[in-house]
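The values are calculated or read from the model by the stated rules, or taken from the named source; none is laboratory data. These numbers come from a predicted model, not from an experiment. Cβ sites come from the backbone with ideal geometry, for glycine too, and all protein chains shown count toward neighbours.
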């Protein structure tokens, strides 16, 4: 059977993720946050009091890139840096009170996006899809065996 990217597992996952980000961005534009900023807020709200290096690792971006982003977000009142009681040189990151209502709105927008994406699937089908994706993630996670490279020596979105 000839290669069909429309039926390629990796291509589909990548394209679905891209389209969901795009649709969420369209909905979230009114919040006045860039995608990078709302990703920082989501992860920081899950890991209040994390240091910048730890957050950069979670976000898979360079520490210096995150530092510039945090500088702008701190100026805008979204995040604050507090001294680390265990290390005088270190600063820990926290969200401000300004974030709570925005996080609630972001959750609502994410739910709208998810419902749009899963329209036409029964609840049991949605649950089964999520369970299978969790299984796939576990197969590829660091907890499992190392990912194998495809025949061209590449790993990534287009891999089947």
Filtering the stretch 99-143 down to residues that are part of a loop (DSSP other than H, G, I, E, B), surrounded by 10 or more Cβ atoms within 10 Å (Cβ to Cβ) and either modelled with pLDDT of 95 or more or in contact with a helix residue (DSSP H, G or I) (Cβ under 9 Å, 6 or more places away or on another chain) (or both) yields 118, 121
Taking the stretch 53-67 and keeping residues more than 20 Å from residue 84 (Cβ to Cβ) and under 16 Å from the mean Cα position of the chain (by Cα) leaves 60, 61, 62
Helices (runs of 4 or more DSSP H) wholly inside the stretch 1-98 that include at least 1 residues being in contact (Cβ under 8 Å) with a residue 40 or more places away in the chain = 9-28, 35-46, 52-59
Going by the conditions given, is residue 66 touching a helix residue (DSSP H, G or I) at 6+ places or on another chain (Cβ under 8 Å), modelled with pLDDT of 95 or more and either more than 30 Å from residue 137 (Cα to Cα) or surrounded by 14 or more Cβ atoms within 10 Å (Cβ to Cβ) (or both)?
-> yes
